[in-house]
Amino acid sequence: MFWRPEKVNELTSFNELGLSANIVATLTAMNFDTPTPIQEQGIPVVLSGRDLIGLAQTGTGKTAAFGLPLIEMLLKDQSRPENRTTRTLILAPTRELVNQIGDNLRSFIRRTPLKINQVVGGASINKQQLQLEKGTDILVATPGRLLDLISRNAISLRAVKYLVLDEADQMLDLGFIHDLRKIAKMVPPKRQTLLFSATMPKAIADLAASFLKDPAKVEVSPPGKAADKVEQYVHFVNGQNHKTELVKKSFAENPDGRSIVFLRTKHGAEKLTKHLELTGHSVASIHGNKSQGQRERALKGFRDGSIKILVATDVAARGIDIPAVSHVFNYDLPEVPDAYVHRIGRTARAGRDGIAIAFCAPDEIRLLRDIERLMGIEIAVASGEAPADRGRPARPARRGGGGGNAGAGNRNHGRPQNRGPREDGGEGENRSARPGGNRKPGNRPARRPDRPRQDGPARAGAGGQRRER
């Protein structure tokens, strides 16, 4: 069922959500005064003890929506975790998202006795075992590393009272369904379960039915919809060289902007990164062949502005919460339409405007049509280009789904001049791939011999998305 408060969007502060004065004081000190819609609707449900399905785009404040009420309940309980146990388990699909959730929650528990730990692949498992020895109040984990630690008897889930599945749709895409079911059997049946997802396909509905009991359901934005302040454009190109020249032209026209360029493969991302470095650009890359330390250094440089361009595979589509990102480039269109929505969600955050540019080669027309079908719009063609035949009559796209004619680089070209606490994910560990999938036989063209394979050594999961270590 959907739970809808009587006065949605009329709250003026966190005081009205049922949080304690101490937590509200912490939020006020952090300059968080007004809850986002997912926080406004979700926090009272979690405090009531009900299971919850939260549907919201990335960057809408989901971590605080589940984190604040969980902290409230943990503090009221006043019990301490036993050795090698946790009272709260938060599962996320990627290393970056786990680290981000942990960092956000630590900012909320200052001046409290609560303890948070996070465990991910790519880091020392022995060090993680030592950290869990004396127990923890909140454990944030990727499913793969958590199961590895359980097999070593480093952690038991027998004391879990609260279970959170964050970015559940990506966890399924990355093939974690079997891991999730294993973990669910180890968690006490008498628990409160919260599931958050940007989309709600049948697989997520089935997962919710097996994990949650009589959940409330809140939705703050329709699945498949881009953020309202993202302007989207498409360049039709002849090939990779044309894409490279266009993206370099955009960087030259916007030297002060901060851009993320998404590619499908690790090989392609590294090749483009090296080319941009040789041509004098401030650039770093993040993908599955990068160590955890390399990823963290790249993200740190991108956050502080010393790096202006981040080249990434979909490992970073949900792992970057940087409000200052001005441009997102889909150098390669993703094979999974939902991934496009998550990619462009890296811009237009925290109330800012943003530009999303897609490059579409002739063999990517089908992917563009799939994206437009999901979003219910037709992405506007960049200025100076003739519309390509997409198999249907052209119509202008609107803001949040398209919007006007503009060049890939100049933010003000071809558009009117007088116009008027977020977070979220990263990369999945390589576990067993999700079986089946919803792609019909014959829908996906055969890979050309000269075309690099998708990211990651594992087989594709549902929807063709691959998983990396």
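Taken together, the values in this text are just the output of simple stated rules run on the coordinates, not laboratory data. This one's a predicted model, so the numbers in the text were calculated from it and none came from an experiment. FYI the Cβ positions are ideal-geometry reconstructions off the backbone, even for glycines, and counts take in every protein chain you see.
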### Query
How would you rank 137-144, 366-373, highest first, on the average number of other Cβ atoms within 10 Å across their residues?
137-144, 366-373
### Highest average packing first - 162-172, 97-107, Cβ atoms within 10 Å
162-172, 97-107
#### Entry: Above-threshold pairs, the threshold being 31 Å between Cα atoms, out of Lys62/Lys213; Lys202/Lys290; Lys271/Lys300; Lys202/Lys248; Lys202/Lys271; Lys62/Lys161
Lys202/Lys290; Lys202/Lys248; Lys202/Lys271
### Query
At Ser383 and Lys134, where each label point lies 7 Å from the Cα along Cα→Cβ, what is the point-to-point distance in nanometres?
6.2
### Task
Work out how much length Ser282 to Ser20 would gain on full extension: take 0.36 nm times their residue separation and subtract the Cα-Cα distance, in nm to one decimal.
89.8 nm
### Query
Share of antiparallel DSSP beta bridges in segment 14-219, in percent to the nearest 5?
0
#### Entry: Label zone at Asn153, where the point sits 7 Å out along the Cα-to-Cβ direction: segment 184-213 residues whose backbone N lies under 20 Å
186-187
### Task
Could you sort 67-73, 22-28 so that the peptide with the highest average Cβ count within 10 Å comes first and the rest follow in order?
67-73, 22-28
#### Entry: Computed lengthening from Asp33 to Arg369, 0.36 nm per intervening residue step minus Cα-Cα distance
116.8 nm
### Summary
In debye to the nearest 20, the charge dipole size for segment 153-243, taken about the Cα centre with +1 at each Lys and Arg Cβ and -1 at each Asp and Glu Cβ, equals 520
### Message
Run the numbers for Arg303 and Ala324: contour at 0.36 nm per residue of separation, minus the present Cα-Cα distance, in nm.
### Response
6.7 nm
